[in-house]
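Trainee: So that we are looking at the same thing, I have put the structure below in structure tokens.
No value in this document is a laboratory result; all are computed from the given coordinates. Note that this is a predicted model, so its numbers are computed, not measured. Please note: Cβ atoms are built from the backbone with ideal geometry, for glycine as well, and neighbour counts cover all protein chains shown.
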Amino acid sequence: MLDVQLGELLGDGPPGVGEALDLVAGFDGALTHGFARVGEEASGALAALAGALAASPLGDRMAEAAEKVAAGSVGDEHLAALAGGRAALLGAVHDALLARLDTAVGRPRAAWQAAEGPSRSDNVLAGCRGWLRELAITGWHGVDHDLVTSSDQAIEALLGEPELRGLAVLLDGLAAELRASCPVATMDLLPARRWGDLWTRALLLSQKGTWHGAAEPVSGRLLILGADVHEHATVVRVQVHGILEPAGGAPSRLVRTSVAAAKVDTISGPSVWRLMGAYPVLMGALAGHLSLDISDMPLLPGGDLVWHDDRASAGEEADPFATARVQLAEAEAPPVPPLDRHPVRIAEPVLLEGYTIDGETLGLGGHSLPLALDRLPSCGPLTPQLVSASTACIGLMRWDGGRWLVQPLAVQATVKKKPVAAHNGDWATGPTDPKVVKADAKAGDVVAVLRERAGRLLRK
């Protein structure tokens, strides 16, 4: 159980983590000022990054790249090497942290197996690399509207290739953030780590090669543990964590699946669930706490089901807490794809019971674990007050800001001497709280109004 080894998990971090993150911060500082003219401090940061990886397979390429870039020769191969080195350091930090978490919860994890993926057009990727190279040379401080706009052609070309649309969305997101921040030179505080992460991931994805492998079709029973809702001004994504019992009696596996929809910022709260109308089977299972029978659903090597609602059917009732108590400890966790090996991407399902809560801190076995209450979505019944009154929680263990914390997905609590349970996905087919239903009805169906207006415009 997690509480038995919580002290080991929350104690001093794995050795070298702080030093590795300092090296990444040094590189991000150099990227902020750009590689057009590399000063002494930036040159030292590049050399330090290369030195940390001297004994690795990247050693020679990193040393050459640091030397060439410091001398003003910025080639695609040099930037690729530096991005690879930065990703490798963060990957090592991720692996050390995840290994400690797996040990604490006693979780088996499959090993990553390299696999062939679909071929990709290098001509299209070259345009992407060209824009990322200009960003690196200019630096974040030098980004203006003209530089951001020059990404449009590369993004349009990527969108034309189905297998590259993920990279296109990543590039478009980075461009949107930069556009909203222009002129960047006037910003008091830059999100250097975040922009460095996005730049690194985009540059590596723009190289020819296999990063995620091919999907395999799987069938069996999916037992839902909980849903993590990511809501932004223009998009909402529901990521469902669960346990797959494969057909044929193979061992159970931890899996995830995600569905998303475009939105506008006026659609918020419980209304966002109306955008998920294309997935009635999945939404019904979330709201009704039902198991799902899936057939030939594509499963990526990293544990992500590519959701097809027409390949799933609702099964029997399956209480997520019962599932977690019986199966979570034994289910095999998926391997982590190379580019997903980053500390901020750790999000591992856990079951916590018998704890106390003081403010935003959970106490268990004499140890304290911060709660990520800021991640509670506004579209569900789970509130900080319910979390405070709870005694059992299904959550995601995360590592952020140099510490472990838990993000609640569902809780069991006692309210007015009555046991209650609340899950993020309880309102997936509509709110059940009478007060929320009344307020929702008074506000009107924003989604329906916007769709009607859009239809009118299209008819014109």
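Trainee: For His367, project a label point 7 Å along Cα to C-beta. Then give me every residue of segment 89-103 with its amide nitrogen under 15 Å of that point.
Mentor: Label zone hits: 97-103.
Trainee: Which shape class applies to segment 173-332: rounded if a/c is under 1.5, otherwise prolate when a/b exceeds b/c and oblate if not, where a ≥ b ≥ c are the square roots of the Cα gyration tensor eigenvalues?
Mentor: Prolate.
Trainee: Roughly how many nanometres apart are two label points built 7 Å out from the Cα toward the Cβ at Val436 and Lys416?
Mentor: Going from the Val436 label point to the Lys416 one covers 1.7 nm.
Trainee: Ok, one more. How big is the shadow of the Cα convex hull of the chain, averaged over all directions, in nm²?
Mentor: Its Cα hull, projected and averaged over all orientations, spans 24.4 nm².
Trainee: Okay, moving on. Calculated FRET efficiency, Arg325 and Asp296, Cβ-Cβ r, R0 30 Å, to nearest 0.05?
Mentor: 0.50
Trainee: For the residue pair Thr103 and Glu19, what label-to-label distance in nm results when each label sits 7 Å from Cα along the Cα-to-beta-carbon direction?
Mentor: 1.8 nm
Trainee: Please rank Cys379, Cys182, fewest neighbouring Cβ atoms within 10 Å first, as an exposure proxy.
Mentor: Fewest to most other Cβ atoms nearby, the residues stand as Cys182, Cys379.
Trainee: Among rounded, prolate and oblate, which fits segment 214-430 when a ≥ b ≥ c are the square roots of the eigenvalues of its C-alpha gyration tensor, a/c under 1.5 means rounded, and a/b larger than b/c means prolate? Please list the in-between numbers first.
Mentor: Working: a/c = 1.40, a/b = 1.25, b/c = 1.12.
Here segment 214-430 falls in the rounded category.
Trainee: Taking θ as phi - 60°, what are the ³J(HN,Hα) couplings along segment 219-232 by the Karplus curve (6.51, -1.76, 1.60), each to the nearest whole Hz, with x for Gly and Pro?
Mentor: Karplus values, whole Hz, x for Gly and Pro: 10, x, 10, 9, 9, 7, 9, x, 10, 10, 9, 10, 10, 10.
Trainee: Additional query: Label Ala389 and Glu77 with points 7 Å out from Cα along Cα→Cβ: what is the distance between them in nm?
Mentor: Distance between the two pseudo-spin positions: 6.5 nm.
Trainee: If you don't mind, there's one more thing I want to ask. How many percent of DSSP beta bridges within the chain run antiparallel, rounded to 5?
Mentor: About 90 percent, rounded to the nearest 5.
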